[in-house]
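Comments concern the structure below.
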Amino acid sequence: MQFTQSTVGRKVLMAVTGFILISFICVHLLGNSSVYWGADGINAYAKHLHDLGPLVWIFRLFMLAVFGLHIIFGIQLTLENRAATPGNYAVKRMARANFASETMIVSGLALLAFVVYHILHFTAHVTNPEISASLLPADALGRPDVFTMVVLSFQKFLISLIYVAAMVFLFLHVSHGFQSFIQTFGFNNGPSLHILEKVSKGVALVLLFGYISIPILIIFGIVKI
Ligand code: HEM
């Protein structure tokens with residue numbers, strides 16, 4: 001398939017916005033891991049973030065723009081690819097496709113739905129207001145009790161199930177997305193492609209196990225109030 005200049009531009013923007021999103025997801029996992037230090041860990045971390053004041057809002061708007069562009073370019077590129085290979089199964093078979101690469105739109109849309117739910121849950125406190133940090137009593141140091149909110153949330157089976165399912169979509173999306181990002185910048189030949197596939201899967205697995213460990217350790221009562 002021949003790439004037009006605008007397709008190349010879109011691929012580069014997908015890669016750059018994807019890289020920013022993966023960086024956020026890695027930093028967010030490190031921040032969330034402070035839940036293992038109990039209330040003193042995650043409540044202190046959340047308070048530091050909220051104390052940044054207007055900077056938090058600048059960051060939120062920047063991330064919203066990055067996320068929006070990533071989705072728009074992703075849909076445009078998929079439509080272009082489909083238009084370039086209409087029903088051409090021979091071409092499809094030749095391409096180095098796998099389940100993760102074939103389901104990028106589905107896993108991407110599932111993650112979009114998850115992020116909307118996640119913000120309504122933990123940030124806007126809409127979906128489970130009865131256990132939101134804004135309504136729970138503050139902790140001993142007067143900080144919003146994010147630790148209790150997270151633990152009470154994941155003690156609910158349905159909420160944990162939604163998060164674990166979403167992390168499986170994250171695994172699928174990152175295991176192909178990370179590889180795509182590196183390939184856009186030129187590492188796309190023979191042996192290095194094989195290594196690249198392994199590295200991408202490794203990054204995606206670390207994110208999968210890192211994130212699902214939180215609901216799983218809570219639901220099994222290992223992390224508790
Ligand atoms: C077990 C998994 C996760 C936990 C426990 C978790 C925890 C949290 C918490 C507690 C907040 C609210 C922070 C606050 O306002 O004090 C938050 C916000 C957020 N999380 Fe997560 N998160 C998880 C997974 C994810 C994933 C996989 C993504 C992205 C794909 C994500 C994206 C976000 C975003 C965009 C926000 C809003 C940030 C803001 O308020 O500015 N989270 N998360």
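The values are calculated or read from the model by the stated rules, or taken from the named source; none is laboratory data. Since this is a predicted model, take the numbers as computed values, not measurements. For neighbour counting, all protein chains shown are included, and Cβ atoms are generated from backbone atoms with ideal geometry for every residue, glycine included. Please note that ligands, DNA and RNA were not included when accessible areas were found on the heavy atoms of the full protein model with its side chains. Shrake-Rupley method; radii C 1.70, N 1.55, O 1.52, S 1.80 Å.
Could you please report the charge total around residue 142, scoring K, R as +1 and D, E as -1 over all other residues with beta-carbon less than 15 angstrom from its beta-carbon?
-2
Cross-link partners among lysines for residue 47, C-alpha distance below 23 Å, same-chain residues fewer than 8 apart left out?
224
List the relative contact order of segment 5-219 as a percent without decimals, with contacts defined as Cα pairs under 8 Å and 6+ residues apart.
Across segment 5-219, relative contact order equals 26 percent.
Just going by the charge dipole of the chain, with Lys and Arg at +1 and Asp and Glu at -1 on Cβ, which of 181, 6, 41 is farthest out on the positive end?
The one lying farthest along the dipole's positive direction is 6.
Checking understanding here: applying a Kyte-Doolittle mean of at least 0.0 and a length along the axis of at least 27 Å (C-alpha), which whole DSSP H helices in the chain pass?
Qualifying helices, which must be both long enough and hydrophobic enough, are 5-32, 54-84, 157-184, 190-219.
At 1.4 Å probe radius, can you tell me the per residue accessible area of the chain in Å²?
Averaged over the residues of the chain, the accessible area is 59 Å².
Once neighbouring chains are kept in place and the probe is 1.4 Å, which whole percent of the accessible area of segment 5-219 is contributed by carbon and sulfur?
Looking at segment 5-219 in its full context, I get 74 percent from C and S.
Can you give the accessible area of residue 127 in Å² (nearest 10), computed on protein heavy atoms with a 1.4 Å probe?
Looks like 60 Å² after rounding.
Can you give the translational diffusion coefficient of segment 161-212 in µm²/s, computed by Stokes-Einstein from the Kirkwood radius over Cα pairs at 37 °C and 0.692 mPa s?
For the chosen part, D equals 290 µm²/s.
What translational diffusion coefficient, to the nearest whole µm²/s, does segment 5-219 have by Stokes-Einstein, given a Kirkwood radius computed over alpha-carbon pairs, a temperature of 20 °C and 1.002 mPa s viscosity?
113
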